[in-house]
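Read-outs: derived from the displayed coordinates by stated rules, not from any lab. These numbers were taken from a predicted model, which means no experiment stands behind them. Here Cβ is always computed from backbone atoms with ideal geometry, including for glycine, and neighbour counts include all displayed protein chains.
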Amino acid sequence: MSLLFTPFTLNSPRGALVLPNRIVVAPMCQYAAVEGQATDWHLMHWGNLLNSGAGLFTIEATAVLPEGRITPNCLGLWNDATEAALADNLHRARKLAPHTAVCIQLAHAGRKASSALPWQGAQWLPPAEGGWETFGPSAIAHKPSEPPPTAMSPAHLVAVRDAFVLAAQRADRMGIEAIELHGAHGYLLHEFLSPISNLRVDSYGGTFENRIRFPLEVFTAVRAAFSGVLGLRVSASDWVEGGWDGAQSAEFARRLKALGCDFIHVSSGGISPLQKITPTPGYQAALARQTREASELTTIAVGLITEPAQAEALLQAGDADLIALARTFLYQPRWGWQAAAALEGRVEAHPAYWRCLPPGVPAIFANTSIGMR
């Protein structure tokens, strides 16, 4: 059997979470929430991808505070109303796909918050147009055309850290098995890591030790509050000279492991419009391998991985332990099924789908004992 379709165990203080395969649906913002609350769109979207054949499904970046949303339509988990809406839709979706484990990405957008929807330009939204005050490690704007964020005070750092903890506790109450802290793509935790966005002169800025301090404090606080599987997504390179890079990411990953981190999800970029990226198939895999080898953490590779053979090759080469796909799943929601057919794997799916395979496609469902009528 291919490595992609061998089970994988994620260990945590709570115990082992056994995934039936090594396919992960990466978090993808849907911009469909109302005041942070999940809607019918999320019920449809989650139910669809929970039947994708992936072993682990990750809910999109979910803001821990209202001002931590990327856009006014982003999902949140900061009060009873957002918790109730998320729990209701998730529980209904999971009833039809209990075989898939669920992870949620908890996030704060930092200086990249208060933005218009992607299909409306993704530009900064002023308060008069539905936006709000943004916050970051330093008063440095993401783009020259945008106002700088408010530099966070020590009290604000504590408030954000505690908001991550409360959101983790809410996720725990609804039975979510894993949490991924969003430390990538130019959002708040990444902003503290990168010397491009963090020019603080206190104990949270300047040196590597200082720049990793706040992300590690957030991780430590969430680890103490959540005994399930806990990991972090990192941008392993800013792709900007003088920025955060693979070597710093590897050392950061080692520190995370020492604090009880269960996995690291390796992406890149997002901190600056000056980034220079040449996206080729699997272009972030080398960063995943560097992080994995240095930290010995369970590592998820992501980024232009679109073909089953490509995913299998990355696992066979030792670049990662798990393979994540994002937009590919939006275009091909049953990508896991197609991978199983290509690699002689097996997936679980709702019985209503067991009779759907076209002629010539090998049996891929774990249990297809069904009569024909």
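The table that follows gives values for the structure above.
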| read-out | value |
| --- | --- |
| Net charge dipole size for the range 233-325 [Lys, Arg +1 and Asp, Glu -1 on Cβ; Debye, nearest 20] | 180 |
| Student exercise, the chain dipole from Lys, Arg, Asp, Glu Cβ charges, in Debye to nearest 20 | 600 |
| The range 174-215: relative contact order as a whole-number percent, Cα under 8 Å and 6+ apart | 30 |
| Selected from S194, Q105, S138, residue furthest toward positive end of dipole (the chain; charges at beta carbon) | Q105 |
| Simple Cβ-charge dipole of the range 286-355, Lys/Arg +1 and Asp/Glu -1, about Cα centre, in debye nearest 20 | 320 |
| Antiparallel bridges, percent of DSSP beta bridges restricted to the chain (to nearest 5) | 15 |
| Relative contact order of the chain, defined on C-alpha pairs under 8 angstrom at six or more residues apart (%) | 17 |
| The chain: DSSP helices with Cα axial extent of at least 20 Å and average Kyte-Doolittle hydropathy no lower than 0.5 | none |
| Packing rank of 275-284, 244-253, 56-65, where each peptide gets the mean count of other beta carbons within 10 Å, highest leading | 56-65, 244-253, 275-284 |
| Trypsin sites (Lys or Arg not before Pro) lying in DSSP loop within the range 1-86, provided at most 15 other Cβ fall within 10 Å | R14 |
| Gained length - R14 relative to E241, 0.36 nm times residue gap less alpha-carbon distance | 77.6 nm |
| Gap separating the Cα centres of the range 41-89 and the range 301-320, nearest whole Å | 27 |
| Span from the the range 243-271 Cα centroid across to the the range 103-135 one, whole angstrom | 25 |
| Cβ-based net charge around A317, under 13 Å, with every Lys or Arg adding one and every Asp or Glu removing one | -2 |
| Dipole of the range 217-258, positive direction: furthest Cα of G242, L232, V222, with charges on the beta-carbon | V222 |
| Relative packing of 259-266, 85-92, which averages over residues the other C-beta atoms within 10 Å, highest first | 259-266, 85-92 |
| Signed unit charges on C-beta, dipole axis of the chain, positive-most listed residue A32, G345, A122 | G345 |
